[in-house]
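Enquirer: Could you have a look at this structure, given as structure tokens, before my questions?
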């Protein structure tokens, strides 16, 4: 069903684990992230292929732990607020290989305790994650594999190009990322979109494989035009590189006062100036 940004964020409580879809600085549900920042929920664990979603919430002091394979702005290799927080030791980090994070989401989505994977063997992933265990194949090969634990979340936020009010959603760009798995591995799931459509228009708007999520995977839909800004949401718009550079180089208090202290409408007006 259609909900407001505030309704979606109200599902998050202090100390929860929140999953955020997208990839780096691409198709992030930034309107929902900004609303979560304004709501001031604290002590959060974030699960994300991280970008400015992680950076904003870390800079605001709302994050206790990050579960990720990287935190990058793509054209800026390392997210600056994440880097500063890690250097200062103010956030905990569970760092996996990118494929391991995918496998953990896949296990969570399928209600499995773990899935075996080769990634991580012989690497420092095992050293920095001493809780990871290995399993041996029960078949004649006897291969030793990492037992990647399921990753589950209390709430997940994703952003797609188009959706209907029931929760069916389509991406129009080149990559689905893992937004469907974030929804399937979370207890509550919220989809923001560039444009709401009637169901018939949505179904006929592209090939069926781009209908990434369906209504059984989504608890609420929010129409947020330009809601992934300043990340990309192709083909609707690309990443705002000028604004991203401003974000990465501006003092946090100045940036927050300039762009984040109001509501989402205020933000959108500010970035259009």
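Enquirer: Name the pairs: first residue in region 248-273 and at pLDDT 95 or above, second residue not in a helix (DSSP H, G or I), Cβ to Cβ under 7 Å, at least 6 apart or on different chains?
Expert: 248/73; 248/76; 267/260; 268/226; 271/229
Enquirer: With modelled with pLDDT of 95 or more, crowded, with 18+ Cβ neighbours inside 10 Å and part of a strand (DSSP E or B) as the only criterion, which of 226, 159 stands out?
Expert: Answer to the selection: 159.
Enquirer: Related question: When the residues of region 86-98 are filtered to those that are out of contact with any strand residue (DSSP E or B) (no Cβ under 7 Å at 6 or more places or on another chain) and in a helix (DSSP H, G or I), which remaining residue is farthest from residue 247 (Cα to Cα)?
Expert: 98
Enquirer: Just one of the numbered conditions (1) in contact with a strand residue (DSSP E or B) (Cβ under 8 Å, 6 or more places away or on another chain); (2) not assigned by TED's automatic domain parsing to the domain that holds residue 177 is not true of residue 46; which one?
Expert: (2)
Enquirer: Do we have residue 119 as assigned to a loop (DSSP other than H, G, I, E, B) and surrounded by 13 or more Cβ atoms within 10 Å (Cβ to Cβ) here?
Expert: yes
Enquirer: For region 170-216, name all the residues that are without any contact (Cβ under 8 Å) to a residue 24 or more places away in the chain and part of a loop (DSSP other than H, G, I, E, B).
Expert: 204, 207
Enquirer: Assess whether residue 83 counts as being in the same structural domain as residue 28 (by TED's automatic domain parsing) and either in a helix (DSSP H, G or I) or surrounded by 13 or more Cβ atoms within 10 Å (Cβ to Cβ) (or both).
Expert: So residue 83 fits the description; yes.
Enquirer: Quick check on my filter: what residues within region 12-25 are part of a loop (DSSP other than H, G, I, E, B), closer than 28 Å to residue 240 by Cβ and out of contact with any helix residue (DSSP H, G or I) (no Cβ under 8 Å at 6 or more places or on another chain)?
Expert: If the condition is that a residue be part of a loop (DSSP other than H, G, I, E, B), closer than 28 Å to residue 240 by Cβ and out of contact with any helix residue (DSSP H, G or I) (no Cβ under 8 Å at 6 or more places or on another chain), then 24 is the only one that fits.
The values are calculated or read from the model by the stated rules, or taken from the named source; none is laboratory data. What you see is a predicted model; the values in this text were computed from it and never measured. Neighbour counts run over all protein chains shown; Cβ positions are idealised from the backbone, glycine included.
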